[in-house]
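See below for the structure under consideration.
The values are calculated or read from the model by the stated rules, or taken from the named source; none is laboratory data. This is a predicted model, so every value here is computed, not measured. Here Cβ is always computed from backbone atoms with ideal geometry, including for glycine, and neighbour counts include all displayed protein chains. Quick note on the areas: whole protein, heavy atoms, side chains included, nothing else; ligands and nucleic acids left out. Shrake-Rupley method; radii C 1.70, N 1.55, O 1.52, S 1.80 Å.
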Amino acid sequence: MSVFNNSALYPQFLLTGFQGLEAKYGLISLPICLIYIISIAGNITILFIIRTEPSLHQPMYYFLSMLALTDLGLSIVTLPTMFSVFWFHARNISFIACSVQMYFIHVFSIIESAVLLAMAFDRVVAIREPLRYSAILTNNVIIRIGLASAGRALILVFPVPFLLKRLQFHTFNTLSYPFCLHQDLIKLTVSSRRISSIYGLMVVISSMGLDSVLLLLSYILILVTVLSVASKAERLKALNTCISHICAVLTFYTPMIGLSMIRRYGQNASPMVHVLMADVYLLVPPLMNPIVYSVKTKQIRLRILKKFKMQKG
């Protein structure tokens, strides 16, 4: 198999589904299709409810809108290659298309991490400074947080495709998943990947790594504040406002950590396990977040039921 520099010619990549189960892709695609339908419909519903209900035009729900937009973007970015593999058995993807998908997958993942941190900050302010909540989290502050979250992700990931372009690959390269991830791409290079690996690690540490530490500190502050409250009922009420966010954090970080552990220590694990963990990492958060917030957030749940009753009537 020939080897060449990407600056002169671009290699081709082959996406991978569940090896050995190609004959059952039609059946496997049904739950995947259902996940996408629920994810996209759920996040659009959250955005619509918040947009059309003036009573929900508050900081907490603005951040929830950002989370829904991010999950919607993540679903749309991964959908084309997932269905090209499972519906049409079309595995080929060009270097440029793969780089674009990889870029936006990592951008949306970093934005989601930042939005979860912003939501934790919202809960800290609501619990520790309830009287100053509206004064601290003004519309301008929320807009700046949103722009900073998106800007950080776009800037951090921007050099990654150009670093990949400098590397050498085989003419045809088999990926581990039905979508493109940076750590999977650099594993296939036949030239030194030291710079790309170091920069990728720096991106992870300065985004999700930093965000996870700040999230932990935020909940330490919340717990200290809640435990200082004399009334048990008030403690439970304060903690109850954090349950949805805690579920969203666990839904995002648990599959990500699991995928990293599998890639690092699970070399002997079945390729199917690797694909399954990667699918969980990218498909579960957009699926679960609208469900969790619709069930656990009373204001959202009541507005959704109200809309359905109005349509039925």
Candidate set: region 216-234, residues that are under 26 Å from ARG301 (Cα atoms) and open to solvent by less than 80 Å² (accessible area, probe 1.4 Å); chosen: the one modelled with the lowest pLDDT: ALA233
Show the residue pairs that are 6+ apart or on different chains and have beta-carbon atoms under 7 Å apart, the first residue being within region 246-272 and within 21 Å of ARG123 (Cα to Cα), the second being of a type in the set (Val, Ile, Thr). CYS247/VAL292; ALA248/VAL292; THR251/VAL284
I'd like the full set of residues that are open to solvent by 80 Å² or more (accessible area, probe 1.4 Å) and free of Cβ contacts under 8 Å to residues at least 40 places away in the same chain, limited to region 162-176. PHE162
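In region 248-293, which residues are among the aromatic types (Phe, Trp, Tyr) and in contact with a helix residue (DSSP H, G or I) (Cβ under 6 Å, 6 or more places away or on another chain)?
Of region 248-293, the ones among the aromatic types (Phe, Trp, Tyr) are 252-253, 265, 281, 293.
Hits for region 248-293 are PHE252, TYR281, TYR293.
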Inspect all residues belonging to region 148-161 and state whether any of them is within 20 Å of MET256 (Cβ to Cβ), surrounded by fewer than 23 Cβ atoms within 10 Å (Cβ to Cβ), among the basic types (Lys, Arg) and touching a residue at least 40 places away in the same chain (Cβ under 8 Å). yes
Single residue of PRO290, PRO255 found to be touching a Gly at 6+ places or on another chain (Cβ under 7 Å), under 30 Å from LEU72 (Cβ atoms) and of a type outside the set (Gly, Ala, Ser): PRO290
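Please indicate, with yes or no, whether at least one residue in region 81-96 is without any contact (Cβ under 8 Å) to a residue 12 or more places away in the chain, surrounded by fewer than 16 Cβ atoms within 10 Å (Cβ to Cβ), assigned to a helix (DSSP H, G or I) and not basic (Lys, Arg).
Filtering region 81-96 down to residues without any contact (Cβ under 8 Å) to a residue 12 or more places away in the chain leaves 88, 90.
Going one step further and asking which of them are surrounded by fewer than 16 Cβ atoms within 10 Å (Cβ to Cβ), we end up with 88, 90.
Pick out the ones that are also assigned to a helix (DSSP H, G or I) and you get none.
No, region 81-96 contains no residue that is without any contact (Cβ under 8 Å) to a residue 12 or more places away in the chain, surrounded by fewer than 16 Cβ atoms within 10 Å (Cβ to Cβ), assigned to a helix (DSSP H, G or I) and not basic (Lys, Arg).
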Residue selected from region 100-147 under the condition without any contact (Cβ under 8 Å) to a residue 60 or more places away in the chain and part of a loop (DSSP other than H, G, I, E, B), by the criterion surrounded by the fewest Cβ atoms within 10 Å (Cβ to Cβ): THR138
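From the list LEU283, LEU276, pick out the single residue that is assigned to a helix (DSSP H, G or I), under 24 Å from the mean Cα position of the chain (by Cα) and buried (at least 20 other Cβ atoms within 10 Å of the Cβ). Show your work before the answer.
Values: LEU276 fails: buried (at least 20 other Cβ atoms within 10 Å of the Cβ).
Exactly one residue qualifies, and that residue is LEU283.
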Matching residues, region 58-91, being modelled with pLDDT of 95 or more and touching a strand residue (DSSP E or B) at 6+ places or on another chain (Cβ under 6 Å): none
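Residues being of a type in the set (Val, Ile, Thr), at pLDDT 95 or above and under 24 Å from SER94 (Cβ atoms): count how many of those fall in region 141-191.
Keep residues of region 141-191 that are of a type in the set (Val, Ile, Thr), which gives 141-143, 145, 155, 157, 160, 171, 174, 186, 189-190.
Remaining after also requiring at pLDDT 95 or above: 141-143, 145, 155, 157, 160.
From what's left, under 24 Å from SER94 (Cβ atoms): 157, 160.
The number of residues fulfilling the criteria is 2.
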Pick from region 21-49, criterion among the aromatic types (Phe, Trp, Tyr) and at pLDDT below 95, ranking: most open to solvent (accessible area, probe 1.4 Å): PHE48
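From the residues in region 89-141 that are among the basic types (Lys, Arg) and more than 22 Å from the chain's Cα centre (by Cα), which one is nearest to SER29 (Cα to Cα)?
Of region 89-141, the ones among the basic types (Lys, Arg) are 91, 123, 128, 132.
Next, only the ones that are more than 22 Å from the chain's Cα centre (by Cα) stay: 91, 128, 132.
On the way: ARG91: 15, ARG128: 46, ARG132: 49 Å.
For region 89-141, the residue satisfying everything is ARG91.
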Of all residues in region 257-273, how many are in a helix (DSSP H, G or I) and open to solvent by 30 Å² or more (accessible area, probe 1.4 Å)? 10
